[in-house]
Amino acid sequence: MSALFLLVVWLLVTVLLLRALGRELWPVLPALLRLYLVAGCALVSIGALQTMFSTLRFDSFDEAALWFATAGLAVSLTGALNLLNVARRREDVPIRRVCVAANILITAVFVALATHRGGALPHDPVSISLVAVAVTTTVLSGDWVSSSAPPGVTT
């Protein structure tokens with residue numbers, strides 16, 4: 001499967017998820033939290049796609065296939081945690097802390113995967129996109145963005 005095809009499918013699934021989940025939040029969120037919402041949806045969608053496509057990637061259900069599928073589940077759950085953090089930022093400090101930790105770990109995994117060739121920089125668009133989304137969620141999941149929400153909005 002080509003990288004361009006994967007990026008297009010990833011974008012379409014992210015947009016569909018964003019339309020379904022962000023319909024109520026989008027109008028009341030400031031720009032940075034909208035970006036954070038998009039990044040959370042992107043993590044959920046790429047993880048779900050990885051899990052679904054694991055049957056196409058592997059011929060048999062072996063340990064490698066299981067690890068590939070569960071890695072997709074981990075990415076989806078990290079994205080779901082970010083979506084929860086967008087919606088509950090002011091009320092749930094423990095969720096925000098767990099979300100920041102999960103984002104740091106998933107960013108480290110994506111950077112390790114993108115740079116596993118040693119000194120070579122990532123050159124494929126999927127690796128670059130994954131690292132960009134992970135860094136975005138890591139930066140935006142912290143406390144510094146929470147003060148930008150308008151009064152009365154539980155973001």
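Every number here is computed from the coordinates shown, using simple stated rules; none is lab data. On a predicted model such as this, the values are computed, not experimentally measured, just so you know. Using ideal geometry, Cβ is built from the backbone for each residue, glycine included, and neighbour counts are taken over all protein chains shown.
Kindly provide the helix-only [θ] at 222 nm of the chain, computed as the sum of -39,500 (n - 2.57) over DSSP H runs of four or more divided by all residues, to the nearest 500 deg cm²/dmol? If you can, show how the numbers build up before the last one.
Numbers: 5 runs with 110 residues, N = 155.
Dividing the helical sum by the residues of the chain leaves -25000 deg cm²/dmol.
Order of Trp26, Trp10 from fewest to most other C-beta atoms within 10 Å? Kindly include the intermediate steps, with their values, before the conclusion.
Values: Trp26 14, Trp10 20.
Neighbour counts put them in this order, fewest first: Trp26, Trp10.
Expressed as an acute angle from 0 to 90° and rounded to the nearest 10, what is the orientation of the C-alpha long axis of helix 31-57 relative to the principal long axis of the chain?
Long axis of 31-57 versus the principal axis of the chain: about 20 degrees.
Quick one: helix 63-88 against the long Cα principal axis of the chain, what's the angle to the nearest 10°, folded into 0 to 90?
Once rounded, one gets 10 degrees.
How large is ³J(HN,Hα), in whole Hz, for each residue of the stretch 129-137 in order, when computed from phi with the Karplus curve 6.51 cos²θ - 1.76 cosθ + 1.60 and θ = phi - 60°, using x for Gly and Pro?
Values, residue by residue: 5, 4, 5, 4, 5, 5, 5, 4, 5 Hz.
Using θ = phi - 60° and the Karplus form 6.51 cos²θ - 1.76 cosθ + 1.60, what ³J(HN,Hα) does each residue of the stretch 98-103 get, whole Hz, x for Gly and Pro?
Taking θ as phi minus 60°, the curve returns 5, 5, 4, 4, 4, 5 Hz for the stretch 98-103.
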